[in-house]
1. Would you confirm whether or not the range 65-76 contains a residue that is buried (at least 20 other Cβ atoms within 10 Å of the Cβ), under 21 Å from Phe18 (Cβ atoms), under 10 Å from the mean Cα position of the chain (by Cα) and modelled with pLDDT of 95 or more?
2. Restricting attention to the range 99-115, which residues are loosely packed, with under 15 Cβ neighbours inside 10 Å and either touching a residue at least 12 places away in the same chain (Cβ under 8 Å) or touching a Phe, Trp or Tyr at 6+ places or on another chain (Cβ under 8 Å) (or both)?
3. Any residue that is touching a Pro at 6+ places or on another chain (Cβ under 9 Å), within 26 Å of Gly41 (Cα to Cα), polar (S, T, N, Q) and crowded, with 17+ Cβ neighbours inside 10 Å - is there at least one of those in the range 83-98?
4. If Arg75 meets every condition in (1) touching a residue at least 40 places away in the same chain (Cβ under 8 Å); (2) over 22 Å from Ser8 (Cα atoms) apart from one, which number is that one?
5. Note down all Cβ pairs under 6 Å where the first residue falls in the range 13-28 and is within 10 Å of Asp65 (Cβ to Cβ) and among the small types (Gly, Ala, Ser), the second is modelled with pLDDT of 95 or more and in a loop (DSSP other than H, G, I, E, B), and they're at least six residues apart or on different chains.
Amino acid sequence: MSRKLVSSGSYLEPEIGFSRAVRIGNAIAVSGTAPIAVAGGTEGVGDTYLQTKRCLDIIRNALSDAGASLDDVIRTRVMLTDIGNWKDAARAHGEVFGDIRPACTFVQVSAFIDPGWLVEVEADAVVV
């Protein structure tokens, strides 16, 4: 099976040595996605809801580049630096996945690479 690598243009991809998404066959894994603004920096500074929306937009674009859509997502992982903000992240997640309803996990982590990031989101998809 061929391996397709998808880049989002993140400045961290070459430094860390990762792809935004990898597709092999009908399976796609989307890396932990931070709220990096289009022009660089952090989108929605201090706002978990806006940051989660940005993460999901980046994931949507990565899936599209891999030949999939949000409808193909079977699992998401939402990582927060403060689990007390889970409802803000859940609201953004629900706006995107309310009808799709993938398996989903919310967890608290101690920190991300950039201290301004409040959330990161991962996704797995299967194209049928």
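1. So far as the range 65-76 goes, yes, one or more of its residues are buried (at least 20 other Cβ atoms within 10 Å of the Cβ), under 21 Å from Phe18 (Cβ atoms), under 10 Å from the mean Cα position of the chain (by Cα) and modelled with pLDDT of 95 or more.
2. Ile100, Ala103, Thr105, Val107, Gln108, Val109, Ser110, Ala111, Ile113, Asp114
3. Let us first name the residues in the range 83-98 that are touching a Pro at 6+ places or on another chain (Cβ under 9 Å), namely none.
The answer is no; no qualifying residue exists.
4. Failing condition for Arg75: (2).
5. That search, which allows pairs on different chains as well, returns Ala21/Ala66.
The values are calculated or read from the model by the stated rules, or taken from the named source; none is laboratory data. Quantities reported herein were computed from a predicted structural model and do not represent experimental measurements. Virtual Cβ from ideal backbone geometry, glycine too; neighbours counted across all protein chains shown.
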